[in-house]
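Read the structure below first, then the notes.
Each reported figure results from applying straightforward, stated rules to the coordinates on display, with no laboratory input. Source: prediction; values computed, not measured. A quick note on method: Cβ atoms are made from the backbone with ideal geometry, for glycine too, and the neighbour counts reach across all protein chains shown.
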Amino acid sequence: MSKVGIIMGSTSDMPVMQDAIDILKSFEIEVEVDIVSAHRTPDKLFDYGKNAHSRGINVIIAGAGGAAHLPGMIASLSPLPVIGVPVKSSNSIDGWDSILSILQMPGGVPVATVALNGAKNAGILAAQILGSANPAILEKILAYKENLKEKVEQGAKDLKK
């Protein structure tokens with residue numbers, strides 16, 4: 001069973017991160033959701049980063065606003081792929097601080113970064129990573145992509161009516 005860990009810096013990030021939870025559940029991928037603050041719960045962050053793989057997690061999605069150290073710190077500690085979601089928070093500079101904090105990682109500590117508040121894409125990317133080695137998930141991704149195509153084609157037809 002594939003499992004994605006979804007963590008965020010605070011409960012205020014949940015409205016954004018819910019999109020990742022929802023899309024992964026639609027693919028029938030198990031999720032584990034938690035609050036892990038890089039600045040307020042550093043011991044929990046270290047434990048999570050070092051041990052997520054031993055709990056059966058295969059990919060980690062980490063969302064954070066402001067200085068947004070959570071995704072990078074988790075990536076520095078974990079052997080798992082980490083997808084960062086920059087969150088436009090009340091203390092952010094239009095989200096740019098979060099984007100740059102997650103995007104500008106040093107060599108050797110990669111974090112795949114999606115758009116500001118792009119948790120849905122983070123969930124899809126996590127499913128695609130899992131699908132590369134899991135035929136059942138791959139089939140769900142293929143069906144999802146086909147559905148996207150059909151929606152666009154239907155929109156084009158509707159436009160011409």
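For the range 1-96, trypsin sites (Lys or Arg not before Pro) are listed when DSSP marks them as loop and at most 13 other Cβ atoms sit within 10 Å of their Cβ; the list is Arg40.
Listed peptides 60-68, 99-107 appear in the order 60-68, 99-107 once ranked by packing, highest mean of other Cβ atoms within 10 Å at the front. By the count of neighbouring beta-carbon atoms within 10 Å, fewest first, Val16, Val33 end up ordered Val33, Val16.
Projecting the Cα positions of Ile57, Ile21, Ser90 onto the charge dipole of the range 3-159 (unit charges on Cβ atoms of Lys, Arg, Asp and Glu, taken about the Cα centre) puts Ile57 furthest along the positive direction. Helix-derived [θ] at 222 nm for the chain: sum -39500 (n - 2.57) over DSSP H runs of at least 4, divide by residue count, nearest 500? Mean residue ellipticity, 222 nm, calculated: -15000 deg cm²/dmol.
Helix 135-159 and the longest principal axis of the C-alpha atoms of the chain enclose an angle of approximately 60°. For the range 1-26, backbone nitrogen atoms closer than 20 Å to the point 7 Å from Ala143 Cα along Cα-to-C-beta are found at 1-4, 20-26.
Counting only C-alpha contacts under 8 Å and six or more residues apart, can you give the relative contact order of the range 3-159 as a whole percent? Averaging sequence separation for qualifying contacts and normalising by length gives 23 percent for the range 3-159.
A cut-off under 11 angstrom between Cβ atoms defines the neighbours of Tyr48, and their net charge, with Lys, Arg +1 and Asp, Glu -1, is -1.
On full extension, the segment bounded by Arg55 and Lys160 gains 32.6 nm, given 0.36 nm per residue less the C-alpha separation. In summary, the lysines within cross-link reach of Lys120, defined as a Cα separation below 24 angstrom excluding same-chain residues under 8 places away, comprise Lys3, Lys25, Lys88, Lys140, Lys145, Lys149, Lys151. Each Lys and Arg contributes +1 and each Asp and Glu -1, all at the Cβ; summed about the Cα centre of the range 3-159, the dipole is approximately 160 debye.
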